[in-house]
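The values are calculated or read from the model by the stated rules, or taken from the named source; none is laboratory data. Here the structure is a predicted model, which is why all the values come from computation and not from measurement. Glycine gets a Cβ as well: all are built from the backbone with ideal geometry, and neighbour counts include every protein chain shown. The protein model used for the area step is the full one, side chains on, heavy atoms only, and it has no ligands, DNA or RNA in it. Shrake-Rupley method; radii C 1.70, N 1.55, O 1.52, S 1.80 Å.
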Amino acid sequence: MARRSPAQSGRPVSMADVAALVGVSQQTVSRVVNHVPNVSEATAEKVERAIAELGFRPNFAGRSLRTGRYKTVGLCVYDLSQAGNLQTLEGISAAARENGYAITLLTLEEGEGTSLSKVARRMATLPIDGLIVRVASMPDDFYEFEPAPDVSTVLLSMYSHPRCTTVESDQYACSTLALEHLAAYGHRQIRFVSGPADAIDSQYREAGWREGLEAMGVAPADPLTGDWGADSGYEIGARLAADRSMTAVYAANDSMALGVIEALRDAGLRVPEDVSVIGVDDSLTGTVPNNSLTTVRFDLGGVGRIAFESVLAGLDEGRGAQTVRLSCELVERSSVAKARPRA
C-alpha cells in the first residue's frame, strides 16, 4: 500500500518528514532552514525542494526555544508612500538580509494615534526579537514609553529617548547647510515652506531656518504650511510670487519646492534669476527629468541600516540607549543664483 503523505494524513509536516524524504538528518534540515552555512549546496537544494514539495513551515516557537531568537524584527511606519520611508526600509531590509533576519511590517493609518505603547502591544503578539518604529509626529507617551525587556527597540526620531536608541538624519543641520548656501549668494529675505504642523522633521527644519536667519540679524517672516505634496507647494508659490521683498524660498522637502518653482514661473518669475529655491531630501532624482533643484541629501539607507544594527546591539550586547544623528550633504544644482533686488 502506498505511503500517505503528512498532508494526506491531516497532520502538520515536520522536520523529520523532510529529512526522511531527502535521506538526511533532521539536524541537516535544521541547518538549511536556519541558513547555517555548513551544508553543501547540492544537499541544501534537495532539502529546499522537499520543503516546497511537502509544504513544510518552520515552527517559530520551537526555533525560539532552541536558539533564543525568532530571527525577525518588527517595523512600524505610518506612510510607506513617502520616498524617505521607502529608502529607509531598503536600508533596514538589506541589513536584515545580511544578518539572516526577516522583517515583519506593520503600517498604521492616519488617525490611529501615535501611542508607542499601543504599537508595542500590537507587535508583541508577533514572533519578533526587536522593533523599529518610525516616529513621524510626537507620541503622547514618548518619554513614558517602556519597551518590553525582551524586545530590543529602536526609534527613528530626532528626539532622544531615556530607554530606547534613537536614529535619524540631522533634521536641524540640513537647514544650516541650506541657509549657509543661500547666504553665500547674498540672500537674506528667505521664506520657509513647512510640512504639516505636527511633523517632527519639519519642526526641526523650521527651527534651523528660523535660528539661521536670526543669527544673520534677519527677522523671519511667518512660515507657510504645506502637506509635503507638490500641489501644496504650488499653492504657496502662487502666494509668494506677490512678495516683492523675498529673494529665496527654502522648502522643507523637494516635492513642495518643485511646486513652488512651477507657481513662480507661471507668475512670470524666473528661477533662479529672480527667486532662488532650495529643497530637502533629494527625492526627485530619477523622477523629474533634468532635475535642476539644489537640495540637501540624507543617507536614508544608512539610517535604516544603523537602526537595524542598533536592534542587534541591544540583543547581543544589552547596549543602553544611544542617540545617533547622521550628517547630510548639500547637492548644488542650478536653482540658486546671486540675490538681486526685485523691482
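Computed quantities for the displayed model
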read-out: In the range 247-261, the residues that are assigned to a helix (DSSP H, G or I) and either among the hydroxyl-bearing types (Ser, Thr, Tyr) or over 18 Å from residue 282 (Cα atoms) (or both); value: 255
read-out: Matching residues in the range 276-293 - criterion: being in contact (Cβ under 8 Å) with a residue 60 or more places away in the chain and either in contact with a Lys or Arg (Cβ under 8 Å, 6 or more places away or on another chain) or open to solvent by 10 Å² or more (accessible area, probe 1.4 Å) (or both); value: 280, 281, 283
read-out: Whichever residue in the range 189-246 is closer than 13 Å to residue 175 by Cα and assigned to a strand (DSSP E or B) and, among such residues, is most open to solvent (accessible area, probe 1.4 Å); value: 191
read-out: Residue 165 being in contact with a helix residue (DSSP H, G or I) (Cβ under 6 Å, 6 or more places away or on another chain), touching a residue at least 60 places away in the same chain (Cβ under 8 Å) and among the polar types (S, T, N, Q); value: yes
read-out: Residues (open to solvent by less than 50 Å² (accessible area, probe 1.4 Å) and farther than 23 Å from residue 115 by Cβ) located in the range 74-90; value: 83
read-out: Flag if residue 172 is in contact with a helix residue (DSSP H, G or I) (Cβ under 7 Å, 6 or more places away or on another chain) and aromatic (Phe, Trp, Tyr); value: yes
read-out: Residue 57, sole failed condition from (1) within 30 Å of residue 157 (Cβ to Cβ); (2) of a type outside the set (Val, Ile, Thr); (3) modelled with pLDDT under 80; value: (1)
read-out: In the range 1-47, the residues that are among the hydroxyl-bearing types (Ser, Thr, Tyr), modelled with pLDDT of 90 or more and touching a helix residue (DSSP H, G or I) at 6+ places or on another chain (Cβ under 7 Å); value: 25, 28, 43
